[in-house]
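The values are calculated or read from the model by the stated rules, or taken from the named source; none is laboratory data. Note that the structure is predicted; figures quoted are calculated from it, not measured. Here the Cβ positions follow ideal geometry from the backbone for every residue, glycine too, while neighbour counts run over all protein chains shown.
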Amino acid sequence: MESPYPQQKSAIITGAGSPRGIGRDLAERLAAKGWSLGLIDRDDELMSQLVADLVERYGVKAIAKKTDISSEEDVAKASALFETELPPVVAVVNIAGISDPTPFTQTSLERWERVLKINATGTFLVTKQFLPGMIERGVGRIVSLSSTAAQSGGGTFSAAAYAASKAAIEGMTRGLGLEVAKTGVTVNAIAPAIIDTDIMGGTLTEERKAEMVEGLLVDRVGRTEDIAATIEFLLSEDAGFITAAVYNVNGGLVVN
């Protein structure tokens, strides 16, 4: 059976810039498999370094665009660049987001809207921008980053606003998965728990790690590669039977 995947294909990754982030780990994994990459972040310097590194090490085509994912205009400009300069976009990975530990009673409307706009609306805007091309070509993979906070209501560095934004991502994932089920496009989300990235308020000390492990079945905190490896699989041709699903990759913090 002929593969629906084009020989030359691209993945769009938001939040790819952080040296300790899931997006950077994923970019390296996909580059090693020959994917072309459209990378989105707000830090030009970090993105330039990453692109140069990926091109040198893997010989792939990679382009970065500084983008505010909560801005429809910014997202449209990034899309125009990527779809002009890169091979067909087969995958979109929504990783960019912010955390917020502010208690609900101390959360201003401005803060609430900022968290929802970046996490939920940003995921919506990026997905909506690239989805039509995927549907037209009859193949696509959309993976978005949720959080166990969407199920538990909060966590070690998050509270109600963050939980609400991630719950919105899970609802969109299921709803969109239903809508595009017959088009060849799959839509999934991953709900991590404690991952050692800067979104946890900076590098985790060994003392903080020990405290956090107490709530996990697995005797360690998560690593970026734990999440990136799961995303890599969900982007593959082998994952074509999986859609409208939320994967708990959380060391057993939430047991289904």
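Below are the figures for this structure:
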quantity	calculated
Any hit, the stretch 176-187, residues being part of a helix (DSSP H, G or I), among the hydrophobic types (A, V, I, L, M, F, W, C) and either within 14 Å of ILE95 (Cα to Cα) or modelled with pLDDT under 95 (or both)	no
In the stretch 26-44, the residues that are at pLDDT below 95 and either small (Gly, Ala, Ser) or not in a loop (DSSP other than H, G, I, E, B) (or both)	ASP44
Hits in the stretch 139-161 (condition: buried (at least 20 other Cβ atoms within 10 Å of the Cβ) and either among the polar types (S, T, N, Q) or at pLDDT 95 or above (or both))	VAL139, GLY140, ARG141, ILE142, VAL143, SER144, LEU145, SER146, SER147, THR148, SER158, ALA161
Criterion (out of contact with any Cys (no Cβ under 7 Å at 6 or more places or on another chain), in a helix (DSSP H, G or I), among the acidic types (Asp, Glu) and modelled with pLDDT under 90) met by exactly one of GLU211, GLU170	GLU211
Restricting the stretch 52-61 to residues that are assigned to a helix (DSSP H, G or I) and under 18 Å from LYS9 (Cβ atoms), the residue that is nearest to the chain's Cα centre (by Cα)	LEU54
Pair list, Cβ under 9 Å, 6 or more apart: the stretch 103-128 residue of a type in the set (Gly, Ala, Ser), other residue part of a helix (DSSP H, G or I)	ALA120/ALA164; ALA120/SER165; ALA120/LYS166; ALA120/ALA167; ALA120/ALA168; ALA120/ILE169; ALA120/MET172; GLY122/VAL75
Out of THR127, THR84, sole residue that is modelled with pLDDT of 95 or more, assigned to a helix (DSSP H, G or I) and buried (at least 17 other Cβ atoms within 10 Å of the Cβ)	THR127
Any hit, the stretch 13-30, residues being over 17 Å from the mean Cα position of the chain (by Cα) and either touching a residue at least 40 places away in the same chain (Cβ under 8 Å) or closer than 15 Å to GLU232 by Cβ (or both)	no
Scope the stretch 130-164; condition touching a residue at least 60 places away in the same chain (Cβ under 8 Å), of a type outside the set (Ser, Thr, Tyr) and part of a loop (DSSP other than H, G, I, E, B); matching residues	GLY138, VAL139
Residue ID - nearest to PHE130 (Cα to Cα), chosen from residues in the stretch 62-81 that are outside any helix (DSSP H, G or I) and not charged (D, E, K, R)	ILE69
